[in-house]
Amino acid sequence: MADQRATAMLSRFAARTKAIGQAVENKPRPRVLICIGRDTESDQLAGMYMAGCNNFYDEIIRAAGGVNACTDTSVAYPQVSAEGVIQLNPDVIIDLAGQLKPGSKTAAEIAGQWDRLRTVSAVRESRVYVIVSNHAMRPGPRYIRFQEELARLLHPEAFPKRPVV
């Protein structure tokens, strides 16, 4: 019974991954920077950890139709300064906030913290996105939800608008 459920789940994941791949096929591949951890309560952009190469985020970025902007390191999750972000100059920034505590900054306030990096393409083009949820924070069966969400953020034109119900 468990084998059948696992096989069915893997089949659904494969179908969803294939659908994403077909939707973003032949689209420009933006350079994506995923911030996996930082002190969002501070008003400084410091102590930021980014998704580097050779980890599940790197794979998800590729599958969603992007290219990891943080490739100049052998460290899976390098610490990057604000100056480092300026140097990387990503087209899209994804800031993973996990769960927000009551009284903490809102997602809009967290996104606004990036505004001080106006020379960065993602900031200039208003392509800084904050994801407030744990589904994007760790590998597991919910990775496909993050992959779909990321693909929609990178290539909104490739996905039909969902009807409002």
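Assorted remarks:
- Residue check, Gly66 surrounded by fewer than 19 Cβ atoms within 10 Å (Cβ to Cβ) and small (Gly, Ala, Ser): no
- Test: Pro78 is modelled with pLDDT of 90 or more and open to solvent by less than 70 Å² (accessible area, probe 1.4 Å): yes
- Sub-7 Å Cβ pairs linking a first residue in the stretch 25-45 that is closer than 17 Å to Tyr77 by Cβ to a second residue that is in a loop (DSSP other than H, G, I, E, B) and polar (S, T, N, Q), at least 6 apart or interchain, number zero.
- Every condition in (1) over 30 Å from Gln22 (Cα atoms); (2) open to solvent by less than 30 Å² (accessible area, probe 1.4 Å); (3) out of contact with any Lys or Arg (no Cβ under 9 Å at 6 or more places or on another chain) holds for Cys35 except the one numbered (1).
- Checking each residue in the stretch 42-90 for being more than 19 Å from Thr119 (Cα to Cα), in contact with a helix residue (DSSP H, G or I) (Cβ under 6 Å, 6 or more places away or on another chain) and among the small types (Gly, Ala, Ser) picks out Ala51, Ala63, Ala64, Gly65, Gly66.
- In the stretch 77-92, the residues that are of a type in the set (S, T, N, Q) reach residues that are open to solvent by less than 60 Å² (accessible area, probe 1.4 Å) with C-beta atoms within less than 6 angstrom, at least six apart or across chains, in these pairs: Asn89/Val120; Asn89/Ser121.
The values are calculated or read from the model by the stated rules, or taken from the named source; none is laboratory data. This is a predicted model, so every value here is computed, not measured. Quick reminder, even Gly has a Cβ in these numbers, built from the backbone with ideal geometry, and neighbours come from all protein chains shown. Each accessible area value is taken on the protein alone, full model and side chains, heavy atoms only, with ligands, DNA and RNA left out. Shrake-Rupley method; radii C 1.70, N 1.55, O 1.52, S 1.80 Å.
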